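None of the figures in this text is laboratory data; all of them are computed from the coordinates on show. No experiment lies behind these values; they were computed from the predicted model shown.
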């Protein structure tokens, strides 16, 4: 059975199901393992796809910039103090 670019097949032991990729590429770690029902395998694929979409939609992290102090002219600061 094909579902969202993955293949759900029986593993030929104890009635369990496994997820395989269609074509080349490796299976994500989170989808590896055995499932008791095809519905559970479909749910795992949906959850993986949803988390992948959220990760891609996330904005780029803000880069931190080290601030350096400005040069202070001591003569100008003392004459403008107003004391």
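Things worth noting here:
- 0 to 90° range, to nearest 10: angle between helix 38-57 axis and the chain longest Cα axis: 20
- Computed over the chain, Cα set: Rg, Dmax in Å: 28.7, 90
- Dividing the summed helix terms, -39500 (n - 2.57) for each DSSP H run of n ≥ 4, by the number of residues in the chain produces a 222 nm estimate of -10000 deg cm²/dmol to the nearest 500.
- The chain - share of DSSP beta bridges that are antiparallel (%, nearest 5): 100
- Computed over the stretch 2-56: relative contact order in percent, which uses C-alpha pairs under 8 Å that are six or more apart: 28
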